[in-house]
1. If I stretch the segment between Asn159 and Glu128 completely, what's the gain in nm (0.36 nm per residue apart, minus their alpha carbon distance), one decimal?
2. Tally Lys/Arg at +1 and Asp/Glu at -1 over every other residue whose Cβ is under 12 Å from the Cβ of Val112; what's the total?
3. Determine the alpha carbon to alpha carbon distance for each of Lys87/Lys126; Lys63/Lys115; Lys126/Lys185; Lys63/Lys87; Lys126/Lys173 and list only those over 22 Å.
4. Restricting attention to the range 89-171, which trypsin sites (Lys or Arg not before Pro) occupy a DSSP loop and are surrounded by at most 12 other Cβ atoms within 10 Å?
5. Once the whole set of protein chains is in place, how much accessible area is left on Asp172, using a 1.4 Å probe, in Å² to the nearest 10?
Amino acid sequence: MLRRLSAPTAAAFLFLSATGCVKEISSDERLDRSTQNLAMKDTPGVSELQKLTCEDTTDALGKARNVNRPETDRLVDYIELYTSLRKRTATFEEAMNRNPDLSYREGSQQIVNAKDSCIQQTADVKLEFETYMRELVAVPTVQEIKGGNTVTIARLDFNTLRQAIETLEPDDKDSLLDRVAGAEKKIPASAAGEDSGAGGRKGRK
């Protein structure tokens, strides 16, 4: 014969049954949710994105292209400009990936156009930067007459050249770094930092 459960007992039984079916959230899932919420809070909004632009590269490019400046300085300018453009492009892409509605709000066309401009500017500067970097890797040293003798000296600071290679991360990065290391070994110790320490040689015309 079946016994009927009292009302309080039945309620407790139902409560235990229900709680037993709830999936417990793991610590990893809680961390993922917290990270996602934080990421959304950190994502720039429309007003912030509307202030972001990649159209202000004229002066920086002009300095990087100036053949009368030391080649180390020119390379530093390319590194800084390319890194800045890449960060700005990433900001647009991450914000719009996390919040697709940004593409459809009022004023969104300005944001979309600015993002496209950043993508194009980054690609253009990367091509120019990489072309210059490869030219330097191909001819990293020059010959000069000192004290009546011909000596090999660095065309620029080799550490800056390594930084440029690391920044661009080309497929043949390791090969390029090896070539720089090989060139460095050919520089006499007395001349190794003579030109590179002061920014390197003036650019070739």
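1. Working: separation 31, 0.36 × 31 = 11.16 nm, distance 1.99 nm.
Value of the extension gain: 9.2 nm.
2. Here the count lands on 0.
3. Over 22 Å apart, Cα to Cα: Lys63/Lys115; Lys126/Lys185.
4. Arg105
5. Surface accessible to solvent at Asp172 totals approximately 50 Å².
The values are calculated or read from the model by the stated rules, or taken from the named source; none is laboratory data. Keep in mind that this is a model prediction, so the values were computed, not measured. Don't worry about glycine lacking a Cβ; one is built from the backbone with ideal geometry, like all the others, and counts go over all protein chains shown. We work out accessible area using only protein heavy atoms, side chains counted, and drop any ligands, DNA or RNA first. Shrake-Rupley method; radii C 1.70, N 1.55, O 1.52, S 1.80 Å.
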